[in-house]
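Q: Sending over a structure as structure tokens; questions will come in a sec.
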Amino acid sequence: MREINTPLDHATVMSLHAGEQVLLSGVIYTARDAAHLRMMECIRKGEKLPFELTGQVIYYAGPSPTPPGAVVGSIGPTTSMRMDSMTPPLLERGLAGMVGKGGRSQEVCRSIQENSAVYFVAIGGAAALGAQCVKALEVIAWDDLGPESVKRLVVDKLPVIVAVDAYGADAFEEGQSAYLEQKKSMD
Amino acid sequence: MVRELDARQIEETVCELCIRACRELPEDIGKRMEEAARDEDWDKARAILELLLKNADVARKSAVPICQDTGMAVVFCEVGQDVHITGSFEEAICAGVRKGYTEGYLRKSVVGDPLRRKNTGDNTPPVIHLRLVPGDRVRLTVAPKGAGSENMSRMTMLTPAQGMEGVRQFVMETVRLAGANPCPPMILGIGVGGNFERAPELAKEALLDSLDTWNPDPFYADLEKEWLDEINAMGIGPQGLGGRTTCLGLHIHQEATHIACLPVAVNVGCHVTRHATAVL
């Protein structure tokens, strides 16, 4: 399987296509509902964001607490569409990729295309396995948000699937249609 | 004959049930997932199902949560009329959840106020459903419910004229709107009848039925089978990426209702619809 590393450069982003399975390695940042709300506040007030966006990947995830001796608790993606309204401003400021689960709105898909970014999905609910791919974890902002704080993760070969690529293709539509086509031709 | 029960026993039991529910997939769901993986005719979909089964195995063996969203604790209590509880019943359940979510390294996913949204830090309060029943036992079921699936649940007040077809359409529409979001393959609990607050309760109770069973009333069992097949023909598939396995199981709980009402609720569950039960 193809391996890609963060930060994601333009050439890498443009080489990814909906439905492709890749292994993601490098630094990614967790941020979900509460952290996105705060990031929008930062943008509105002209304040610095917790991390530099250019080329970076956000993982919509809030892990369970870290057990003794482990790097992270169970971790998997949360439903991405809840962050939809807060995504275009981040893409416009250089965010290169997102890892989540489920589909995105038309507006977000358009913004992904316009800003040459990529949206990946990780397998929802496979959180015990998801933890095995995290090699380091550091809370870098908003510790008061507990599970929803912004964390800097170092991941190694996290299996993800390209869900929406920079050309606007959508793995959900394509996957479901392809399956139904095959089913029809076999009936 | 009144049986004495110390509330601390309830606290200990709830604590243990929270932890167990989050780490161990119910047996009937595991079995059904294995069958689904064998019957899945789309390669990518089968690979996802096999990964989910591997994850459940790792979680059980390593004693870690199957999913990071260890949910809001939903506690079903059936208290025998001949039981006398010493100590506060509700506080014991709350304390049990607090203890379980701390000792089990489970995620604290509850905010104390829906608009002001400050995390309570201990996953309390739980949602408690209480029923008084004959006998001297206390039956406790903890069903931690994650938000991905819960957010896709819906409720409506149909008219009697809309009938069975109206209910079917509402169920199918709920599934289509949910799509990939509730981590398919999903499990569905459908409540039909009751009233505005009973239909959703019926739906959640239906969600916890074993996947090995059908509604004891053949009229409803037939609907369960038909609707399950209809959903699995949609092609949504595991994680919404296409495939045969969109729904692992579907149950309907029905109840008496007003002559002018047809309340319907669909509680969506994910492939990790967790629950653990103990009887004191």
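The values are calculated or read from the model by the stated rules, or taken from the named source; none is laboratory data. If you're wondering where the values come from, they're calculated on a predicted model, not measured in any experiment. For neighbour counting, all protein chains shown are included, and Cβ atoms are generated from backbone atoms with ideal geometry for every residue, glycine included. Note: accessible area is taken over every heavy atom of the protein model, side chains too, but ligands, DNA and RNA are not part of it. Shrake-Rupley method; radii C 1.70, N 1.55, O 1.52, S 1.80 Å.
Q: Could the peptides B:165-173, B:10-18 be put in order, highest first, of the mean number of other beta-carbon atoms found within 10 Å of their residues?
A: On the way: B:165-173: 16.2, B:10-18: 23.3.
Going by the mean number of other Cβ atoms within 10 Å, highest first, we get B:10-18, B:165-173.
Q: Next up: Per residue, how large is the accessible surface of the protein assembly as shown? Use a 1.4 angstrom probe and give square angstrom.
A: 43
Q: If you count, for every residue in A:57-67, the Cβ atoms of partner chains within 10 Å of its Cβ, what is the mean?
A: Numbers: counts 0, 0, 0, 0, 2, 5, 4, 14, 10, 1, 6.
The per-residue average across the peptide is 4.
Q: Is there a simple number for the mean count of other chain Cβ atoms within 10 Å of the Cβ of residues in A:74-83, and what is it?
A: 6
Q: Calculate the length of the line joining the C-alpha centroid of the range A:72-95 to that of the range B:135-209, in whole Å.
A: The two parts, judged by their Cα centres, are 28 Å apart.
Q: Can you check what the Kirkwood hydrodynamic radius comes to for the range B:172-212, Cα pairs only, in Å to one decimal?
A: Roughly 11.2 Å, rounded to one decimal.
Q: PRE reach from A:S105 (point 7 Å along Cα→Cβ): which of the range A:69-90 fall under 12 Å by backbone N?
A: A:81-89
Q: Just counting partner chain Cβ atoms within 10 Å, what average do the residues of peptide B:179-185 show around their Cβ? Don't jump to the answer; show the numbers that get you there.
A: Numbers: counts 5, 13, 9, 5, 9, 2, 0.
Across the residues of B:179-185, the mean count of other-chain Cβ atoms within 10 Å is 6.
Q: More than 24 Å apart: what percent of Cα pairs in the range A:46-186 qualify?
A: Taking all Cα-Cα pairs of the range A:46-186, the fraction more than 24 Å apart is 35 percent.
Q: Using a 10 Å cut-off on Cβ atoms, rank the peptides B:121-131, B:180-190, A:70-80 from the highest mean neighbour count down.
A: In descending order of packing, they fall as B:180-190, A:70-80, B:121-131.
Q: Same structure, new question: With a 1.4 Å probe and all protein chains kept in place, how do B:Y101, A:Y167 rank by accessible area, largest first?
A: On the way: B:Y101 0, A:Y167 110 Å².
Result, largest first: A:Y167, B:Y101.
Q: Please sort B:156-163, A:98-105 by packing, taking for each peptide the average over its residues of neighbouring beta carbons within 10 angstrom, highest first. List each step's numbers first, then the result.
A: Numbers: B:156-163: 12.9, A:98-105: 24.0.
Going by the mean number of other Cβ atoms within 10 Å, highest first, we get A:98-105, B:156-163.
Q: Which of the three applies to the range B:1-78, rounded, prolate or oblate, going by the alpha-carbon gyration tensor with a ≥ b ≥ c and a/c under 1.5 meaning rounded? Intermediate results must be reported in sequence, preceding the final value.
A: Values: a/c = 3.51, a/b = 2.47, b/c = 1.42.
It comes out prolate by the Cα gyration axes.
Q: Need one word for the protein assembly as shown: rounded, prolate or oblate. Basis is the Cα gyration tensor (sqrt eigenvalues a ≥ b ≥ c); a/c below 1.5 gives rounded, then a/b vs b/c decides.
A: oblate
Q: Return one number: the angle in degrees, 0 to 90 and rounded to the nearest 10, between the long axis of the Cα atoms of helix A:33-45 and the longest principal axis of the Cα atoms of chain A.
A: 70
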